[in-house]
Amino acid sequence: QRSLLKVVEVLRRLRPQLVLANAKSDRHPDHGRASALLERACFLSGLLKIETLDQSSGQNQAPWRPQSVYFCIQDRWRAPDLIVDISGFEAVKYAAIAAYKTQFYAGSDDDMPVTPISSPEFMDHLKSRDAAMGRLGGIQNGEGFESSRPPVVKDLFDLA
């Protein structure tokens, strides 16, 4: 409950239109739990009867609900509701992932315990999945997202 209200307070303070969350279901159980907490907080943050205080003024915060919440597809394959074209940005993505040296394979002299994501093959798995997501969308590489409700566009040409 305390964590949930803290997230509501942050959402109301930052007022994002779009929120990206962990996968709804994944190999690590905390990913799904974090995703559910964030989705619930996004809904509750729009309710008038949920009270949170602005830390700087001490006043009640106004309700705010993000327009969209998208769930990243992380370790396990999940059918995407939306695919973002990442063609040309793959090296940036993989470098960002590799920055988490305590979790992912960093080289042959690495003495970390072997886990599904610390193996040398894991990055190959991600690259293959990006290509598979891209193939679904008719592009070179894609990043898939799920949504609890269909994405909305003002013009069908926005989907082209």
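A few comments on the model shown:
- Note on the range 13-154: with neighbouring protein chains present and a 1.4 Å probe, carbon and sulfur make up 56 percent of its accessible heavy-atom surface.
- Among Arg65, Arg78, Arg27, the residue with the largest mean-square fluctuation in a Gaussian network model of the chain, with springs joining Cα atoms closer than 10 Å, is Arg27.
- Fluctuation leader among Asn22, Asn141, Asn60 - the chain, Gaussian network, Cα springs under 10 angstrom: Asn60
- Relative to one another, the C-alpha centroids of the range 126-160 and the range 32-100 are positioned 17 Å apart.
- Solvent exposure of the chain amounts to 67 Å² per residue of accessible area, where only protein heavy atoms count and the probe is 1.4 Å.
- Rg [Å, one decimal], Dmax [Å, integer] - the chain, C-alpha atoms: 18.5, 55
- Gaussian network model of the chain, springs between alpha carbon atoms under 10 Å - residue of Lys101, Lys24, Lys127 with greatest fluctuation: Lys101
- Straight-distance crosslink candidates among lysines, where the alpha carbon sits under 27 Å from Lys127 and sequence neighbours closer than 8 are dropped: Lys24, Lys93, Lys101
The values are calculated or read from the model by the stated rules, or taken from the named source; none is laboratory data. The structure displayed is predicted, hence computed values, not measured ones. Ligands, DNA and RNA are stripped out before the accessible areas are found, and what is left, the full protein with its side chains, is counted by its heavy atoms. Shrake-Rupley method; radii C 1.70, N 1.55, O 1.52, S 1.80 Å.
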